[in-house]
1. Testing L55 on (1) out of contact with any Ser or Thr (no Cβ under 9 Å at 6 or more places or on another chain); (2) within 24 Å of K102 (Cα to Cα); (3) open to solvent by 60 Å² or more (accessible area, probe 1.4 Å); (4) at pLDDT below 90, one condition comes back false. Which one is that?
2. Within the group Y35, Y10, which residue is modelled with pLDDT under 90 and of a type in the set (F, W, Y)?
3. Can you spot a residue in the range 24-33 that is part of a helix (DSSP H, G or I), touching a Gly at 6+ places or on another chain (Cβ under 9 Å) and of a type in the set (D, E, K, R)?
4. Cβ-Cβ below 8 Å, separation at least six or inter-chain, first residue in the range 60-77 and farther than 17 Å from I26 by Cβ and touching a residue at least 40 places away in the same chain (Cβ under 8 Å), second open to solvent by 70 Å² or more (accessible area, probe 1.4 Å) and not in a loop (DSSP other than H, G, I, E, B): which pairs?
5. Contact list please: Cβ distance under 8 Å, first residue in the range 128-152 and at positive phi and touching a residue at least 60 places away in the same chain (Cβ under 8 Å), second residue open to solvent by less than 40 Å² (accessible area, probe 1.4 Å) and part of a strand (DSSP E or B), pairs at least six apart or on different chains.
6. So which residues in the range 9-20 are surrounded by 10 or more Cβ atoms within 10 Å (Cβ to Cβ) and either part of a helix (DSSP H, G or I) or under 25 Å from the mean Cα position of the chain (by Cα) (or both)?
Amino acid sequence: HLDMCLDKVYKTLEKKDLLKNTIVVIAGDHGEEFYEHDYLGHSSSFVNEQTKTTLILYYPGITPGEYTKMSSHLDIVPMLAKFFGVKNDPEDYSCGFDLLAKSAPRRRYSIIANWSQVFFAGEKYKSLIPIDALSYAKQVITDSNDRPLPSVAPFYSEYNKDLIKVQKDLTR
């Protein structure tokens, strides 16, 4: 149903010749799990099936392409802000990056959240970020494919500085 509705919007923009000055952003807010890790649906865990989503951006004059590196929903505002006249560095107002910039930094990690938890997802490891006593008690650290680690030492060794930055960013 959603695909048909989006098709109508796109065809209307095309028919009224509005695509030449219209930005279109389509983003999924979550994935769905179908019992790959014993859950059905979304917002029940931070496994890949529930956290990996597609982002489609149409902007007139930008050559179509595919971005395959790690990204985040936090990157949407910095990506679009310049088109609306924002001159500030994205770090002034966001924890995201302008993925369209030629000098865009490579994202080392992404922050994912549901209604009550914050999760750190790096290229190799993932972890619930303790923001209260309950999440500290439930903390699980896995590899990027959701398998528990035999030792958490490599995670903390590799992401120590990033985790400190995340804790600071969570207060912004």
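The values are calculated or read from the model by the stated rules, or taken from the named source; none is laboratory data. On a predicted model such as this, the values are computed, not experimentally measured, just so you know. All Cβ positions, even for glycine, are placed from backbone atoms using ideal geometry, and neighbour counts span all protein chains on display. Only protein heavy atoms, including side chains, enter the accessible area calculation; ligands, DNA and RNA are left aside. Shrake-Rupley method; radii C 1.70, N 1.55, O 1.52, S 1.80 Å.
1. Every listed condition holds for L55 apart from (1).
2. Working: Y10 fails: modelled with pLDDT under 90.
Just a single option satisfies the conditions, and that option is Y35.
3. Within the range 24-33, the subset part of a helix (DSSP H, G or I) is none.
For the range 24-33, residues part of a helix (DSSP H, G or I), touching a Gly at 6+ places or on another chain (Cβ under 9 Å) and of a type in the set (D, E, K, R): absent.
4. Between residues of the range 60-77 that are farther than 17 Å from I26 by Cβ and touching a residue at least 40 places away in the same chain (Cβ under 8 Å) and residues that are open to solvent by 70 Å² or more (accessible area, probe 1.4 Å) and not in a loop (DSSP other than H, G, I, E, B), there is no close pair.
5. Listed by first residue and then by second, the contacts come to D146/K126.
6. Pass one, the range 9-20, residues surrounded by 10 or more Cβ atoms within 10 Å (Cβ to Cβ): 9-14, 18-19.
The answer is V9, Y10, K11, T12, L13, E14, L19.
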